[in-house]
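The values are calculated or read from the model by the stated rules, or taken from the named source; none is laboratory data. Only a predicted model underlies this, so the values are computations on that prediction, with no experimental measurement involved. In this analysis, Cβ positions are derived from the backbone assuming ideal geometry, glycine residues included, and neighbour counts consider all displayed protein chains. To get the accessible areas, we keep the full protein, side chains included, count just its heavy atoms, and leave off ligands, DNA and RNA. Shrake-Rupley method; radii C 1.70, N 1.55, O 1.52, S 1.80 Å.
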Amino acid sequence: MSVDKDTVAHIAKLARLRMDPEKTEAMAGELSQILGWIEQLQEVDTEGVAPMTSVAQMKLPLREDEVTDGGYPDDVLRNAPESLQGFYVVPKVVE
Amino acid sequence: MTGELTRLTLAEARDALAKGDVTARELTEAHVSAMEAARDLNSFIVETPEKALETAEAADKRRANGEARPLEGLPLAIKDLFCTKDVQTTAGSRILGGFAPPYESTVTQKLWDDGALMLGKTNLDEFAMGSSNMTSYYGGVENPWKREGDNHKLVPGGSSGGSATAVAARLALGATGTDTGGSIRQPAAFTGITGMKPTYGRCSRWGIVAFASSLDQAGPMARSVRDCALLLRSMCGHDPKDSTSVDMPVPDFEAALTGDVRGLKVGIPKEYRVEGMSEEIDSLWQQGIDWLKAAGAEVRDISLPHTQYALPTYYIIAPAEASSNLARYDGVRYGQRGEGYDNLEQMYEATRGTGFGDEVKRRLLIGTYVLSAGYYDAYYNKARQVRSLIAQDFTKAYEEVDVILTPTAPSAAFAMGDKMDDPVAMYLNDVFTVPASLAGLPGISLPAGLSSDGLPLGLQLLGKPFDEETVLRSAGVLEEAAAFTAMPARLSE
């Protein structure tokens, strides 16, 4: 499987990565190389094999749905690039 | 005296503290000086000497009051992937620049609760993605070892390269690492130290910056098997904050080091004799087999038929999980925000486009691609099926044997800058470590010999799920037989 520049630009959009147009070409080559190498998995017979979902053979634990943590907005916000009056600040999304 | 103090093993330092031969303050001062004198190696991103010395004094007081805990006053280096309260935690990435978590990871908290103290945060491949430490935004780390008669700077391996160098260069008695596909074991082999990845679920992942959640495991890096056993005991344990953390008793791992492997069944997987593996790695492996036989173990040939598919499987699953985990770096809640945007979506793209390095971008793109519509079944589901087959290979093998012996890496440490233009060649470093990661199994790497040009080479032992004790016991026997005492060029000068 090889990917071209446009495919890279499309995946980069999905991943919300701004790509330097000059680098897109090189990245297409690298991704094609990696995907070509990964392609060998197609030769493995996996008919009827269940996909692995969990490494440890255990049931996910359940707990009561209740508040166990919180009440410190200043700690939560202190690493934000921009915050105001107890909120995160982002560019305007609603006109 | 300072030089001597940094050359103690963790267990020796513990015993010296208990006997009153040395104070935690002296021990910590010696390591702080060593850390400061070795800044050229670039193994630490952040140094925390004041906090270390303050904690050492408190440790000495505690000991005087008869309240010493198992790791009281022992200075450690912490991989900068573990969140440490109020101390910058970067994951080796520009995108987390300045991030000071308001909380402490479970594993580090457990170490502090047992009395250990932190010297600083160690360098790593960005988001633990790499096998050379060269992808760090904070620059590569230098291996304290050099080839004989050759002054080229070598990589310490990765991703826990800073921790490996800190331990190998005697800047810390031990360190934490994390291992997703070999990130503890491969750097341990490259730097001549011992590193262990426990079974998936042994150590809580809470507060460790996530890379691939179904693979990530924390583990110890130190200069002996005993030191790893000591650290591991403190790092493990059930944590309700991680739903994959197992609720099982934590054994006294040090007590497992009985030195007795008589009757132990050791498997030698034929598929690990890969094409192009150097002659000296092959003969070291044979040496390891002979050592275990001489100690009374039974050696058997086994087959792990899907071994060759482990790396491509890993390079679908790990990037897929990473593309989901790293979606959180959006420039809103923490870290750096990019520049040059007019709306929210552009803000995300600017932040992530400038905040992530090339290897991280490469993996996020691969992960996004294999999870995207039309490719999910062909790539991601296929990889999860092959992963089941790889795990079944081990399950079958463990019906016949107790542990598996392999080399840790297909080569010794390589030069800084090598393999940088060939991602697949770089990925092949992890050919012997990735299969056990996919199966969630415990593994240890220990130094077992030197290459012809004087670099350390490691052997790896893999165990059954949650049977770290047998892995440690076998490793202890190999360690004694190998009697590895060689020192990095930097320390023997």
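Restricting to segment B:414-436, what's the tally of residues that are more than 13 Å from chain A (Cβ to nearest Cβ), out of contact with any helix residue (DSSP H, G or I) (no Cβ under 7 Å at 6 or more places or on another chain) and buried (at least 24 other Cβ atoms within 10 Å of the Cβ)?
Count: 0.
List every residue pair whose Cβ atoms sit under 6 Å apart, with the two residues 6 or more apart in sequence or on different chains, where the first one lies in segment B:167-186 and is under 17 Å from B:Arg226 (Cα atoms) and modelled with pLDDT of 95 or more and the second, anywhere, is among the charged types (D, E, K, R) and open to solvent by less than 10 Å² (accessible area, probe 1.4 Å).
Final answer for the pair search is B:Gly174/B:Asp227; B:Thr176/B:Lys79; B:Gly177/B:Lys79; B:Ile184/B:Lys197.
What's the total number of residues in segment A:63-73 that are hydroxyl-bearing (Ser, Thr, Tyr) and either open to solvent by less than 50 Å² (accessible area, probe 1.4 Å) or assigned to a strand (DSSP E or B) (or both)?
Summing the residues that are hydroxyl-bearing (Ser, Thr, Tyr) and either open to solvent by less than 50 Å² (accessible area, probe 1.4 Å) or assigned to a strand (DSSP E or B) (or both) in segment A:63-73 gives 0.
Could you please find all residues in segment B:43-66 being more than 30 Å from B:Trp145 (Cβ to Cβ), surrounded by 17 or more Cβ atoms within 10 Å (Cβ to Cβ) and not small (Gly, Ala, Ser)?
Result: B:Thr55, B:Asp60, B:Arg63.
Confirm whether A:Glu30 is acidic (Asp, Glu), at the interface with chain B (Cβ under 8 Å from one of its Cβ atoms) and either touching a residue at least 40 places away in the same chain (Cβ under 8 Å) or in contact with a helix residue (DSSP H, G or I) (Cβ under 9 Å, 6 or more places away or on another chain) (or both).
So A:Glu30 passes the test.
Would you pick out the residues in segment B:161-183 that are over 23 Å from B:Thr485 (Cβ atoms) and in a loop (DSSP other than H, G, I, E, B)?
Across segment B:161-183, the qualifying residues are B:Thr180, B:Gly181, B:Gly182, B:Ser183.
Given A:Val76, A:Val89, A:Val49, A:Val94, which one is surrounded by fewer than 17 Cβ atoms within 10 Å (Cβ to Cβ), touching a strand residue (DSSP E or B) at 6+ places or on another chain (Cβ under 7 Å) and hydrophobic (A, V, I, L, M, F, W, C)?
None of the other options fit; the residue is A:Val89.
Here are A:Asp4, A:Asp75, A:Asp45: which of them is closer than 25 Å to B:Leu326 by Cα and either more than 8 Å from chain B (Cβ to nearest Cβ) or of a type in the set (S, T, N, Q) (or both)? Give the steps one after another, and end with the answer.
On the way: A:Asp75 fails: either more than 8 Å from chain B (Cβ to nearest Cβ) or of a type in the set (S, T, N, Q) (or both); A:Asp45 fails: closer than 25 Å to B:Leu326 by Cα.
Result: A:Asp4 is the single residue among A:Asp4, A:Asp75, A:Asp45 that is closer than 25 Å to B:Leu326 by Cα and either more than 8 Å from chain B (Cβ to nearest Cβ) or of a type in the set (S, T, N, Q) (or both).
Of everything in segment B:265-282, what is surrounded by fewer than 17 Cβ atoms within 10 Å (Cβ to Cβ) and among the hydroxyl-bearing types (Ser, Thr, Tyr)? Give them in sequence order.
B:Ser278
Just to verify a result, which residue in segment B:351-379, among those that are small (Gly, Ala, Ser) and more than 9 Å from chain A (Cβ to nearest Cβ), is surrounded by the fewest Cβ atoms within 10 Å (Cβ to Cβ)?
Residues of segment B:351-379 that are small (Gly, Ala, Ser), as a first pass: B:353, B:355, B:357, B:367, B:372-374, B:378.
This time we only want the ones that are more than 9 Å from chain A (Cβ to nearest Cβ), so: B:355, B:357, B:373-374.
On the way: B:Gly355: 24, B:Gly357: 20, B:Ala373: 6, B:Gly374: 8.
Among those residues, the one meeting the criterion is B:Ala373.
I need the full set of residues from segment A:9-31 which are open to solvent by less than 40 Å² (accessible area, probe 1.4 Å) and in a loop (DSSP other than H, G, I, E, B), in order please.
Of segment A:9-31, the ones open to solvent by less than 40 Å² (accessible area, probe 1.4 Å) are A:11-12, A:15, A:17, A:19, A:24, A:27-28, A:31.
Hits for segment A:9-31 are A:Ala15, A:Leu17, A:Met19.
So the check is Cβ under 8 Å with 6+ separation or different chains; which pairs have a first residue in segment B:100-112 that's within 14 Å of chain A (Cβ to nearest Cβ) and a second one that's open to solvent by 30 Å² or more (accessible area, probe 1.4 Å) and in a helix (DSSP H, G or I)?
B:Pro102/A:Asp75; B:Pro102/A:Val76; B:Glu104/B:Trp112
Applying the selection to segment B:380-413, what residues are open to solvent by less than 10 Å² (accessible area, probe 1.4 Å) and assigned to a loop (DSSP other than H, G, I, E, B)?
B:Val401, B:Thr408, B:Ala409, B:Ala413
Yes/no matrix, rows are residues, columns are (1) away from chain A (no Cβ under 11 Å); (2) not aromatic (Phe, Trp, Tyr):
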| position | (1), (2) |
| --- | --- |
| B:Glu298 | yes, yes |
| B:Ile302 | yes, yes |
| B:His306 | no, yes |
| B:Tyr309 | no, no |
| B:Pro312 | no, yes |
| B:Ala320 | yes, yes |
| B:Ser323 | no, yes |
| B:Ala327 | no, yes |
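Test each condition in (1) modelled with pLDDT of 95 or more; (2) facing chain B (nearest Cβ under 7 Å) for A:Val89 and report the one that comes out false.
A:Val89 satisfies all of (1) modelled with pLDDT of 95 or more; (2) facing chain B (nearest Cβ under 7 Å) except (2).
Condition first: facing another protein chain (nearest Cβ under 7 Å), over 27 Å from the mean Cα position of the chain (by Cα) and either more than 30 Å from A:Lys13 (Cβ to Cβ) or of a type in the set (Lys, Arg) (or both). Now tell me which residues in segment B:380-406 satisfy that.
Of everything in segment B:380-406, just one residue is facing another protein chain (nearest Cβ under 7 Å), over 27 Å from the mean Cα position of the chain (by Cα) and either more than 30 Å from A:Lys13 (Cβ to Cβ) or of a type in the set (Lys, Arg) (or both), namely B:Lys382.
Let me confirm something: among B:Lys146, B:Lys197, which residue is in contact (Cβ under 8 Å) with a residue 40 or more places away in the chain and under 22 Å from B:Gly440 (Cα atoms)? Let's see the steps before the verdict.
Details: B:Lys146 fails: under 22 Å from B:Gly440 (Cα atoms).
The conditions single out B:Lys197.
Just wondering, is there one or more residues in segment B:52-72 that are away from chain A (no Cβ under 14 Å), in a helix (DSSP H, G or I), of a type in the set (Ser, Thr, Tyr) and under 18 Å from the mean Cα position of the chain (by Cα)?
no
Would you be able to say whether some residue in segment B:243-264 is loosely packed, with under 15 Cβ neighbours inside 10 Å, part of a helix (DSSP H, G or I) and modelled with pLDDT under 95?
No, the conditions are met nowhere in segment B:243-264.
Being within 18 Å of the chain's Cα centre (by Cα), without any contact (Cβ under 8 Å) to a residue 40 or more places away in the chain and buried (at least 24 other Cβ atoms within 10 Å of the Cβ) is the requirement here; does B:Gly158 meet it? Working first, answer last.
On the way: within 18 Å of the chain's Cα centre (by Cα): yes; without any contact (Cβ under 8 Å) to a residue 40 or more places away in the chain: yes; buried (at least 24 other Cβ atoms within 10 Å of the Cβ): yes.
Against the criterion (within 18 Å of the chain's Cα centre (by Cα), without any contact (Cβ under 8 Å) to a residue 40 or more places away in the chain and buried (at least 24 other Cβ atoms within 10 Å of the Cβ)), B:Gly158 qualifies.
Looking only at residues that are part of a helix (DSSP H, G or I) and either at positive phi or free of Cβ contacts under 8 Å to residues at least 24 places away in the same chain (or both) in segment B:283-324, which one is most open to solvent (accessible area, probe 1.4 Å)?
Checked segment B:283-324; the qualifying residue most open to solvent (accessible area, probe 1.4 Å) is B:Lys293.
Could you grab me the full set of residues in segment B:190-215 that are open to solvent by 10 Å² or more (accessible area, probe 1.4 Å) and hydroxyl-bearing (Ser, Thr, Tyr)?
B:Tyr200, B:Ser213, B:Ser214
How many residues are in a loop (DSSP other than H, G, I, E, B), within 14 Å of A:Ala15 (Cβ to Cβ) and of a type in the set (Ser, Thr, Tyr) when one looks only at segment B:327-371?
Residues meeting the conditions: 1.
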